[in-house]
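Undergrad: Supplied in structure tokens, the structure appears directly below.
The values are calculated or read from the model by the stated rules, or taken from the named source; none is laboratory data. Since the structure is predicted, the reported quantities are computational estimates derived from the model, not experimental observations. Don't worry about glycine lacking a Cβ; one is built from the backbone with ideal geometry, like all the others, and counts go over all protein chains shown. The protein model used for the area step is the full one, side chains on, heavy atoms only, and it has no ligands, DNA or RNA in it. Shrake-Rupley method; radii C 1.70, N 1.55, O 1.52, S 1.80 Å.
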Amino acid sequence: MADRETATGDLGLVQAFVNTVDLQDGPEELTDPNTLKGWLVAKGLMGGSQPVGDADLKHAIALREAIRGMIAANSGSPVYPVDIATLNHAAVASGLRMRFGTDGKPRLEPDSSGVVGAMGRLVATLYSAMEDEDWTRLKLCGSQSCRWVFFDLSKNHSSRWCTMASCGNREKARRFRSHSKARQ
Ligand SMILES: [Zn+2]
């Protein structure tokens, strides 16, 4: 949706990865190993010559949902051990370690190449995003059927919906219905 706010830099990449699926209305962008590879190559997370298989797709989607879980914590949800385990597994499998780049700045880089390395780069990106002062502005839409990642640009970080026009109003209507049902 055009009016949904997007972040830039590491925050933007984390947001874009989690939002490769619109849980509410579709589409799912990562439908098969080829579309996953296309996305990762386009974002510079892996080279184009390495293969991507069905198991990689499963891992990528599990990682995506673990990252969604971490963002949900910015919206008041608890952090789940299964999400932590998924993130740590991706970090270990890719051999993430600190290196100094040619610009003299330290960063986390994976030992592995291919899709395993790309998953490590996504975890490293999440790490830098979480160090960013704007990290807590990255939130999950409060609508249970939406769960879109939006960038909360409101002054007091108080937005709860990706868009008030769609999700905010739909959620209000749903609460109103269940409330009046309870009263009957
Ligand atoms: Zn929403």
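Undergrad: On a 0 to 90 degree scale, rounded to 10, what angle separates helix 9-18 from the longest Cα axis of the chain?
TA: 70
Undergrad: If you place +1 on the Cβ of every Lys and Arg, -1 on the Cβ of every Asp and Glu, and leave all else neutral, what size is the dipole of the chain about its Cα centre, to the nearest 20 Debye?
TA: 860
Undergrad: If Lys and Arg each add +1 and Asp and Glu each add -1, what is the summed charge of the other residues whose beta carbon sits under 12 Å from the beta carbon of TRP135? Please report the intermediate quantities before stating the final value.
TA: On the way: positive: ARG137, LYS139; negative: ASP10, GLU131, ASP132, GLU133, ASP134, ASP152.
So the surrounding residues net to -4.
Undergrad: Another question, then. With a 4.7 Å Cβ cut-off, tell me which Cys residues in the chain come up empty for a partner.
TA: Result for the chain is CYS167, no neighbouring Cys Cβ within the cutoff.
Undergrad: State, in angstrom, two size descriptors of the range 43-86 derived from its alpha carbons: Rg to one decimal place and Dmax to the nearest whole number.
TA: 13.4, 41
Undergrad: Mind listing the long-range amide H neighbours of LEU138? Cut-off is under 5 Å, sequence gap 5 or more, other chains count too, H placed in the peptide plane at 1.01 Å from N.
TA: ASP152
Undergrad: Compute the helix-to-body angle for 114-131: its Cα long axis versus the longest principal axis of the chain, expressed 0 to 90° and rounded to tens.
TA: In the chain, helix 114-131 runs at an angle near 60 degrees to the longest axis.
Undergrad: What is the distance, in nm, between label points placed 7 Å from the Cα along the Cα-to-Cβ direction at ARG170 and at HIS89?
TA: Once both label points are built, they end up 3.0 nm from each other.
Undergrad: Once phi is turned into ³J(HN,Hα) by the Karplus curve 6.51 cos²θ - 1.76 cosθ + 1.60 with θ = phi - 60°, what whole-Hz value does each residue of the range 151-168 show in order, with x for glycine and proline?
TA: Using θ = phi - 60°, the values come out as 9, 7, 8, 5, 4, 9, 6, 9, 5, 10, 10, 5, 9, 5, 4, 9, 5, x Hz.
Undergrad: Once all Cα-Cα distances of the chain are split into 5 Å bins that start at 0, what whole-number percent is in each one?
TA: 1, 8, 15, 19, 19, 15, 10, 6, 3, 2, 1, 0, 0, 0
Undergrad: Could you tell me which of TYR127, SER159, SER112 has its Cα farthest along the dipole of the range 72-184 towards the positive end, charges placed at Cβ (Lys, Arg +1; Asp, Glu -1), taken about the Cα centre?
TA: Comparing the listed Cα positions along the dipole, SER159 ranks first.
Undergrad: Here's something else I'd like to know. Per residue, what accessible area does the range 54-184 have, given a 1.4 Å probe and all protein chains present, in Å²?
TA: Spelled out: the 1.4 Å probe surface of the range 54-184, per residue, equals 58 Å².
Undergrad: A further question follows. So how tilted is helix 54-72 from the main axis of the chain? Cα-based, degrees 0 to 90, rounded to 10.
TA: Helix 54-72 and the main axis of the chain meet at about 50 degrees.
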